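For reference, the structure is listed below as structure tokens.
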Amino acid sequence: WNVKIAEADADRTLAARIIKHELGLIASWAIDGAQATLDRGHYAKSAVCAETLAEWKQTADQVALFVAERCLEGDLAEKSKRTKAGDLYLAYTRWAPQNGKGQLSAVNFANRLKSLGFAKDRYSEGICYDLELLPVVFGIG
């Protein structure tokens, strides 16, 4: 929730009062909402909820967070805009503990990149991803 209520302002009797005086109205509201969902054929989508979920997914997904912080979307066709899989994983293994994250295995890291939609291919320099690794600045990253 985006609203925080201070402990001193919390009403500890609110739930009991709502149940005692408004339970019928709440049940009616819930039934109306269920019917509207059935009529629509799906749950209503809130822009705020979608944005909050996207933010949570990025912070909960350490590989997505690593990519957001340390990479640019690259281009496999351009050698300067792709990164060798080993170099990318090495950068991740340095980034993870600096950011309080447990380190994934190389296989799980590769699987997460694949599920995030990042392509890889084999080149003369080895297997590369379509990600351009950003340089470490001031020892961060």
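The values are calculated or read from the model by the stated rules, or taken from the named source; none is laboratory data. What you see is a predicted model; the values in this text were computed from it and never measured. So basically every Cβ, Gly included, is an ideal-geometry build from the backbone, and we count neighbours across all protein chains shown. Accessible surface areas use protein heavy atoms only, side chains included; no ligands, DNA or RNA. Shrake-Rupley method; radii C 1.70, N 1.55, O 1.52, S 1.80 Å.
Here's how it looks for THR83: its modeled amide H is under 5 Å from those of TYR129, LEU131, which are all 5 or more places away or on a different chain. Taking H placed 1.01 Å from N in the peptide plane, check which residues at least 5 places from CYS71 or on another chain put their amide H under 5 Å from its amide H. Correct list: LEU134.
Identify which of LEU38, LEU104, LEU116 has the largest mean-square fluctuation in a Gaussian network model of the chain, with springs joining Cα atoms closer than 10 Å. Of LEU38, LEU104, LEU116, the Gaussian network model singles out LEU38 as fluctuating most. Computed over the chain, the per-residue total of -39500 (n - 2.57) for DSSP H runs of n ≥ 4 gives a 222 nm mean residue ellipticity of -17000 deg cm²/dmol, rounded to 500. FRET efficiency for the LEU72 to ASN2 pair, using the beta carbon distance and R₀ = 25 Å, is estimated at 0.20. Ligands, DNA and RNA excluded, the heavy atoms of ILE31 present near 120 Å² of accessible surface to a 1.4 Å solvent probe.
Bridging of LYS57 to lysines at a Cα separation below 21 Å is possible for LYS45, LYS101, LYS114, once same-chain residues fewer than 8 apart are set aside.
Here each label is just a point 7 Å from Cα along the line to Cβ, and for LEU53 and LYS20 those points are 3.8 nm apart.
With bins 5 Å wide beginning at 0, the percent of Cα pairs of the stretch 72-141 falling in each bin runs 4, 17, 26, 26, 18, 8, 2.
Here the Kirkwood formula puts the hydrodynamic radius of the chain at 19.4 Å, using every distinct Cα pair. If you take all other residues with their beta carbon under 14 Å from the beta carbon of LYS114, and give Lys and Arg +1 and Asp and Glu -1, the sum is -1.
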